[in-house]
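One structure is given here, and the rest of the page talks about it.
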Amino acid sequence: MFLIISSPIFSQDGELQDFTQTIGGTDMVIEMVAIPAGKFIMGSPESEENRKLDEGPAHLVQMNSFWISKYEITWDIYNLFVQREIDNIDVNSTGKELNLDVDAISGATIPYVDMSLGMGTSSGLPVGNVTQFAASQFCKWLSAKTGHFYRLPTEAEWEYAARAGTTTAYHFGNDSNKLDAYAWSYENSDNTYHTVGKKEPNPWGLYDMYGNVAEWTLDQYDPEIYKSIKDTSVSPLNVSLKTNSHSIRGGSYRDEAEYHRSASRLGSTENWKMRDPQFPKSKWWNTDSPFVGFRIVRDPRVPNDTELKKYWGE
């Protein structure tokens, strides 16, 4: 059992608590929300309006506790990873769970065009047009910088966090007319993403779980995967075995309400790199999906060196 009583991010009984992750060499932080262990019904019932076949059958999943970022990762934070100017700035080594050589982590290529496609990269705007591999490598880099195990959320973790204890189509109920208060969508976004945290949070204090940018998960997208998940499954993960077709969650600023439901799923495609002139096409950047970004998870259960590879896209 993983337990650190002395840490300020664990309570007296070992429960996770919210915390703020600092990034050495900068004044930037990532606010992390503690998500408790529990059970939930993943997927949607056949009666749910706008339900797709890949959302079923609905099944019971047992979840371990974890932390997830309160907001989507923003351009100013992601660019720390792209620019790598702070790699060698000393940070406090107390309480580290991982010891990674930050210099050995591959750096993302500097984009050759404006990857925001004119929507902007100023402070507070969510990063977009990054590949799932790039998002995973950001997590690896952040793990090296902080000494804590960061990764993308699994599909199950994402949906569990988005639902926040609810069983309705949205965390606020079944009425899609209420979506405007919680999400940037096709109806209100003016076809662009917006500064994170401007809409209302879900019951667990997470912002933009619906809309703004859709979010990468760890899982390979498989429209049939729910048929093979047993009700005894604990924090399931469909490990990626190929570079395309990863699962995307949450819907984006360009999507209608039905794609913002907690159970809605989407698989990435090669078309998201259609205009990439490189051969082979970039493993870091998409040219045609500014609507996809990510948020991160900190996992208190640190896997061994071999298992780490499946979490960081290697």
key: Complete set of residues in segment 224-241 that are surrounded by fewer than 16 Cβ atoms within 10 Å (Cβ to Cβ) and in contact (Cβ under 8 Å) with a residue 40 or more places away in the chain   = GLU224, LYS227, LYS230, ASP231, THR232, VAL234, VAL239
request  = From the list ALA156, ALA144, pick out the single residue that is small (Gly, Ala, Ser), over 15 Å from the mean Cα position of the chain (by Cα) and assigned to a helix (DSSP H, G or I).
outcome  = ALA144
Among (1) more than 28 Å from LEU16 (Cα to Cα); (2) aromatic (Phe, Trp, Tyr); (3) modelled with pLDDT of 95 or more, the one test that PHE294 misses = (1)
key: Selection count where residues are touching a residue at least 40 places away in the same chain (Cβ under 8 Å) and assigned to a helix (DSSP H, G or I), scope segment 169-189   = 2
ask   = Is it fair to say GLU258 is assigned to a helix (DSSP H, G or I) and touching a residue at least 24 places away in the same chain (Cβ under 8 Å)?
value = yes
remark   = segment 30-79: strands (runs of 3 or more DSSP E) wholly inside it with 2 or more residues that are within 16 Å of the chain's Cα centre (by Cα) and surrounded by 16 or more Cβ atoms within 10 Å (Cβ to Cβ) are 66-69
task = Tell me which residues, restricted to segment 242-262, are over 25 Å from LYS309 (Cβ atoms) and either surrounded by fewer than 24 Cβ atoms within 10 Å (Cβ to Cβ) or among the β-branched types (Val, Ile, Thr) (or both).
result = ARG254, ASP255, GLU256, GLU258, TYR259
Members of segment 261-314 found to be at positive phi and more than 20 Å from the chain's Cα centre (by Cα), listed by number = none
query = Of all residues in segment 195-209, which are under 11 Å from GLU72 (Cα atoms) and either touching a strand residue (DSSP E or B) at 6+ places or on another chain (Cβ under 9 Å) or among the β-branched types (Val, Ile, Thr) (or both)?
reply = THR195, VAL196, LEU206, ASP208, MET209
ask   = Among the residues of segment 304-314 satisfying the criterion of being within 14 Å of LEU152 (Cβ to Cβ) and either aliphatic (A, V, I, L, M) or part of a loop (DSSP other than H, G, I, E, B) (or both), which is modelled with the lowest pLDDT?
value = GLU314
Candidates THR192, THR166, THR154 - the one that is farther than 24 Å from GLU55 by Cβ, in contact (Cβ under 8 Å) with a residue 12 or more places away in the chain and of a type in the set (Ser, Thr, Tyr) = THR192
key: Whichever residue in segment 150-180 is of a type in the set (Gly, Ala, Ser) and either surrounded by 23 or more Cβ atoms within 10 Å (Cβ to Cβ) or touching a His at 6+ places or on another chain (Cβ under 7 Å) (or both) and, among such residues, is nearest to VAL33 (Cα to Cα)   = ALA161
remark   = Flagged in segment 97-115 as farther than 15 Å from TRP284 by Cβ and surrounded by 15 or more Cβ atoms within 10 Å (Cβ to Cβ), in numbering order, are GLU97, LEU98, LEU100, VAL102
message = Can you report the number of residues in segment 212-223 which are crowded, with 16+ Cβ neighbours inside 10 Å and in contact with a helix residue (DSSP H, G or I) (Cβ under 6 Å, 6 or more places away or on another chain)?
response = 3
query = Restricting attention to segment 12-29, which residues are assigned to a loop (DSSP other than H, G, I, E, B) and closer than 17 Å to GLY197 by Cβ?
reply = ASP18, MET28
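The values are calculated or read from the model by the stated rules, or taken from the named source; none is laboratory data. Quick caveat: nothing in here was measured; it's all calculated off a predicted structure. All Cβ positions, glycine included, derive from the backbone under ideal geometry; neighbour counts span all protein chains shown.
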